[in-house]
Amino acid sequence: MKIAYKPATIVNIIEESLAVKRFFFKMPDNEVFTFKPGQFVMIDLPIESKITNRSYSIASAPNNQNTFELIIVLNPSGVGTPHIWESFKVGDVVPVAGPLGKFILPDDISTEICFIATGTGIAPLRSMLYDILEHNRTERSIYLIFGCRTRHDILYQKEMEMLEQKYPQFKFIPVLSRADEHWTGVKGYVHQVYEQIYHANQPVTFYLCGWKNMIHEARERLLKLGYDKSHVKFELYD
């Protein structure tokens, strides 16, 4: 099936760090761009590669304004993101296809939710989180366990801390594998955190997104804890 691309205008770019940027896009006003939290888009790039498109999860929640956010990490050894870093400017129009993907929330949220992310895998989970909180879709507990190397890698940290203060049901837990002496939060990896919080007789649905090693290990551990595969959703990022 041929992929249908539409022109999207870059309306803002925010540099989170030397290796991570947030890109904000607006679809044409005469198009209705609707997506479900957790879905992704594909960007077609003028690059020397057998596959010229790249997929990125939407980091923002649906807003009825034809706009969306992507958060992208630079891969210096790749072809796609170096082009994005060098070429993408505010005002540029780029071909975008989507929304695509089935990594989405159910219509009825009947369990607690535990989001587990590493790196830019936080993107679709952020979209889901905002959709749940802003529309009061559940009063059950929601955890976001975010595995990073250092405290400089914690994406959306201030934002998540503000959401914690505003919504008592939400708990944000960043976990650092290479913490410095100033870090007073959780050290290590995400696995120790969810295993301390949950046991098999607690009704919870897990949404995993990020590095494949984390996802594979988390799935194995959760199944050993007694959770059914149907309660462990995932999206790989590498």
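The values are calculated or read from the model by the stated rules, or taken from the named source; none is laboratory data. Predicted model only: the values in this text are computed from it and were never measured. All Cβ positions, glycine included, derive from the backbone under ideal geometry; neighbour counts span all protein chains shown. SASA here: full protein model, heavy atoms, side chains in, ligands and nucleic acids out. Shrake-Rupley method; radii C 1.70, N 1.55, O 1.52, S 1.80 Å.
Taking ASN63, is it without any contact (Cβ under 8 Å) to a residue 12 or more places away in the chain and polar (S, T, N, Q)? Considered against the rule, which asks whether it is without any contact (Cβ under 8 Å) to a residue 12 or more places away in the chain and polar (S, T, N, Q), ASN63 comes out as yes.
Yes/no per residue for (1) under 21 Å from the mean Cα position of the chain (by Cα); (2) not charged (D, E, K, R):
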residue: GLU161; (1), (2): yes, no
residue: TYR167; (1), (2): yes, yes
residue: PHE170; (1), (2): yes, yes
residue: HIS182; (1), (2): no, yes
residue: TYR194; (1), (2): yes, yes
residue: TYR198; (1), (2): no, yes
residue: ASN201; (1), (2): no, yes
residue: TYR207; (1), (2): yes, yes
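For segment 33-85, the strands (runs of 3 or more DSSP E) that sit wholly inside it and include 2 or more residues that are among the hydrophobic types (A, V, I, L, M, F, W, C) and either within 18 Å of GLY98 (Cα to Cα) or open to solvent by 30 Å² or more (accessible area, probe 1.4 Å) (or both) are 40-44, 67-73. Checking each residue in segment 150-186 for being open to solvent by less than 70 Å² (accessible area, probe 1.4 Å), part of a loop (DSSP other than H, G, I, E, B) and within 25 Å of SER60 (Cβ to Cβ) picks out ILE154, LEU155, TYR156, TYR167, GLN169. Does ALA117 satisfy being open to solvent by less than 10 Å² (accessible area, probe 1.4 Å), in a strand (DSSP E or B) and more than 24 Å from MET214 (Cβ to Cβ)? It is false that ALA117 is open to solvent by less than 10 Å² (accessible area, probe 1.4 Å), in a strand (DSSP E or B) and more than 24 Å from MET214 (Cβ to Cβ). Of the listed requirements (1) surrounded by fewer than 20 Cβ atoms within 10 Å (Cβ to Cβ); (2) part of a helix (DSSP H, G or I), GLU139 misses just one: (2). Please name all residue pairs, on different chains or six or more residues apart, with Cβ atoms under 9 Å, provided the first residue is in segment 1-22 and is in contact (Cβ under 8 Å) with a residue 24 or more places away in the chain and the second residue is open to solvent by 70 Å² or more (accessible area, probe 1.4 Å) and part of a strand (DSSP E or B). Between residues of segment 1-22 that are in contact (Cβ under 8 Å) with a residue 24 or more places away in the chain and residues that are open to solvent by 70 Å² or more (accessible area, probe 1.4 Å) and part of a strand (DSSP E or B), the close pairs are PRO7/VAL93; ALA8/VAL93; THR9/VAL93; ILE10/VAL93; LYS21/GLU15; ARG22/GLU15. The set of residues in segment 212-238 being under 19 Å from ILE72 (Cβ atoms) and surrounded by fewer than 16 Cβ atoms within 10 Å (Cβ to Cβ) consists of LYS212, LEU236, ASP238.
Does LYS102 satisfy the condition of being out of contact with any His (no Cβ under 6 Å at 6 or more places or on another chain), within 28 Å of TYR194 (Cα to Cα) and either assigned to a loop (DSSP other than H, G, I, E, B) or open to solvent by less than 20 Å² (accessible area, probe 1.4 Å) (or both)? For LYS102, the condition - out of contact with any His (no Cβ under 6 Å at 6 or more places or on another chain), within 28 Å of TYR194 (Cα to Cα) and either assigned to a loop (DSSP other than H, G, I, E, B) or open to solvent by less than 20 Å² (accessible area, probe 1.4 Å) (or both) - is met. The combined condition, being open to solvent by 50 Å² or more (accessible area, probe 1.4 Å), over 28 Å from LEU133 (Cα atoms) and charged (D, E, K, R), is not fulfilled by LYS26.
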